[in-house]
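Worksheet: the structure to be examined is printed underneath.
Computed from the coordinates by the stated procedures, all read-outs in this text should not be read as laboratory data. Quantities reported herein were computed from a predicted structural model and do not represent experimental measurements. For neighbour counting, all protein chains shown are included, and Cβ atoms are generated from backbone atoms with ideal geometry for every residue, glycine included.
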Amino acid sequence: MTQDSAVLVVSDRSDRANLLARSVATVMACRQIDAAAPLPADLPLAAVVDVAHEATASAWVARLQKLRIPSLCLAGRPAAAVAPSAGVRVLPANAPRPAILTALFGLVDAQQARLARLPAGRREAEAVVHRANAMVSDLFLAAQAGADLSAAEVDAGTEEILDAVSETGIRTWLEILERYDQQLYQHSLSVAGYAAVLGASLTLGRADRIRLARSALLHDVGKARIPLSILNKPGRLTAQEEAVIRTHPVVGADLLERQGGFDARMLGVVRSHHEMLDGSGYPDGLAGAAIPDLVRLVTICDIHSALTERRSYRDPLSHAEAHAMMRDMAGKLDPDLLRAFRAAVSGLVADGAPA
Ligand SMILES: [Fe+2]
Ligand SMILES: [Fe+2]
C-alpha cells in the first residue's frame, strides 16, 4: 500500500468532500473519489463515506467492511443508512469538522495497530490480492469493451501473485480472496493461486511458473463476452445457455490472439482448458498427446477451484471431496499431474479445510 492512499474519501457531493479531503491532507495523505467510481487499486488505511444516497452509502460501508477497512459514515440521518458495527463509525452529516477528524484518525490508529499485529507477509498479501483483483477487473472490462489488454500489466500482476502466494501459502491466498464479490475475478485469481503453488511444487523454472500462472489468470477471459444474464444466472442453465457459455474458450483465445503480445502456448491454454484426455471435452474434442502439459495443469487447477467455489445452486465441496471427485474422473485428467496437484495442496486436502 502506498502512503498516497492513507485515507480515502468517498462522496457523491464533491464540494463537501473537497473541504474534508483538504483538512485530512494537512495531516496525512488523502484521496477523494466519486461514489460511482471503483475502489482504487491501493488499499486505504481508513475511509470516510460521505454519501447522501443511502443505498450507495450502505454498499460502500459493506464493501469496505468486507475488506477490513474501517470507515466513518457521515449519514444524513444518523444510523438511517448504516448501523455502527465492527470497524464502522457513524456521525451525522453535519457533525463539526474537528469531531469528524478525531473519529477518522482514531480509526486510522486502530487500523495501523491491527496491521502491525498481522503475521509477516499477510499485509502485503492482502494488498497484492486487492491490486490483482483491480487488475483482473480492468482486464475483463477491457475485454468486454473490445479495448486493448496490456500484456505488460498482466506480466507484472502475475509476478506479484507468484511472490505473494509463495510468501503466504495458498490457504491465506484463498481466504483473502473470499472477501471479494465478483465471482469471475475471484475464480481467475484462485486458479492463478493454485497454478502458482503447483508450479513451485513441480520446481518449474521462473519463466515456466510465470507462464503457467498467467495462463491460469486469463484462462476464462472469454467469459467477459458472455452476457451477464447467462453468466450470473442463479440456478441451472438451459441447453441453449450452456452452448453460449461453451463458446468462451474460443472467444477468449481469439480475443487475445487479435490483441497480440500473448504467446501461442498461453493461447492454447485459453482455447483448450475444457478439453479432456479422453476426447470428451470442448471446443475441439482434443485427446491424449494433443493436449499439452501446460493445458493439463491449468485444467486441474480450474476444476479444483470451480468445485470448491460456492455457486448459487450448490454449496462448495471441501478440498478433500473435490480431490476425490477429480480422482474419479478416470481417463479425463492426467493422473500424474493430478497427484502432483494433490501434493502441492496437501495441507488443504489433508485437514479437510472448508473451501
Ligand atoms: Fe473456462
Ligand atoms: Fe475457469
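Data overview
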| read-out | value |
| --- | --- |
| Vicinal HN-Hα couplings computed from phi for segment 39-46 (Karplus, 6.51 cos²θ - 1.76 cosθ + 1.60; Hz; Gly/Pro x) | 5, x, 5, 9, 6, x, 6, 7 |
| Karplus 3J(HN,Hα) series, Hz, for segment 320-332 with 6.51 cos²θ - 1.76 cosθ + 1.60 (x for Gly, Pro) | 5, 5, 4, 5, 4, 5, 5, 5, 7, 7, 4, x, 9 |
| Eligible aspartates and glutamates near residue 66 by straight Cα distance, threshold 14 Å, same-chain separation 8 or greater | 126, 175, 178, 181 |
| Crossing angle, helix 122-145 versus the chain [Cα axis fit, 0-90 degrees, rounded to tens] | 70 degrees |
| Surrounding net charge for residue 103, when Lys and Arg each add one and Asp and Glu each subtract one, Cβ distance under 13 Å | 0 |
| Under 20 Å from the residue 310 label point (7 Å along Cα→beta-carbon), backbone N, segment 229-258 | 231-237 |
| Relative packing of 309-315, 105-111, 205-211, which averages over residues the other C-beta atoms within 10 Å, highest first | 105-111, 205-211, 309-315 |
| Those lysines that a straight Cα-Cα span of less than 18 Å connects to residue 233, excepting residues fewer than 8 apart in one chain | 223 |
| Selected from 255, 149, 19 as most flexible by GNM, with the chain as the system and alpha-carbon contacts under 10 Å | 19 |
| Sequence-distant residues sharing a close amide H with residue 88 (under 5 Å, placed H) | 71 |
| Residue-averaged [θ]222 nm for the chain, counting only DSSP H segments that reach four residues, each worth -39500 (n - 2.57) | -17500 deg cm²/dmol |
| Per-residue ³J(HN,Hα) for segment 48-56, Karplus 6.51 cos²θ - 1.76 cosθ + 1.60, θ = phi - 60°, Hz, x for Gly and Pro | 9, 9, 10, 10, 6, 6, 4, 5, 5 |
